[in-house]
Amino acid sequence: MSALPCRPDDPALPPGDAPVFAEPWQAQAFAMTLQLHQRGLFSWPEWAAALSAQIASAQIGGDADLGDTYYQHWLAALETLVANKGATDAAELTRCAQAWEQAADRTPHGQPIVLQPTDFMR
């Protein structure tokens with residue numbers, strides 16, 4: 001899995017060819033967060049509070065906070081905020097996660113994961 005390269009002209013990003021995201025799903029979670037914010041589902045202070053709460057909860061639960069779990073917390077915060085805003089619910093998020101796992105299980109290594117309508121039937 002390749003990391004997305006950063007732009008050297010942006011001082012907010014790591015220098016050189018250092019990856020901005022370690023995995024494509026991290027970039028996708030980041031992009032979804034920005035899109036939902038831009039569409040008005042939540043304010044940036046709401047997002048910051050949700051992410052902070054998620055990280056704090058993980059630390060209380062024993063997360064060593066080495067940075068390797070940051071985007072897992074990002075995604076969990078996004079799922080929680082989207083559910084709290086009524087854009088979806090926990091059951092739908094679980095159903096989608098299970099469909100993704102089912103599709104991933106049948107996908108050969110290195111191939112794109114493709115969701116099919118039958119993945120959502122349970």
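Overview of values
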| item | result |
| --- | --- |
| Average Cα contact separation per residue, the chain, under 8 Å, 6 or more apart, as relative contact order % | 15 percent |
| Among 97, 27, 56: highest mean-square fluctuation, GNM of the chain, C-alpha pairs under 10 Å | 97 |
| The chain: calculated mean residue ellipticity at 222 nm from DSSP helix runs of at least 4, using -39500 (n - 2.57) | -17500 deg cm²/dmol |
| Formal net charge of residues neighbouring residue 40 (Cβ-Cβ distance under 12 Å; K, R +1; D, E -1) | +1 |
| Top of 102, 72, 54 by mean-square fluctuation, Gaussian network on the chain, Cα under 10 Å | 102 |
| Fluctuation leader among 103, 48, 31 - the chain, Gaussian network, Cα springs under 10 angstrom | 103 |
| For the stretch 57-65, 3J(HN,Hα) per residue [Karplus equation, 6.51 cos²θ - 1.76 cosθ + 1.60, θ = phi - 60°, Hz, x = Gly/Pro] | 4, 5, 5, 4, x, x, 4, 6, 6 |
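Quick note: the coordinates plus some simple rules give every number you see, no bench work behind them. Quick caveat, the model's predicted, so the values are computed rather than measured. Neighbour counts run over all protein chains shown; Cβ positions are idealised from the backbone, glycine included.
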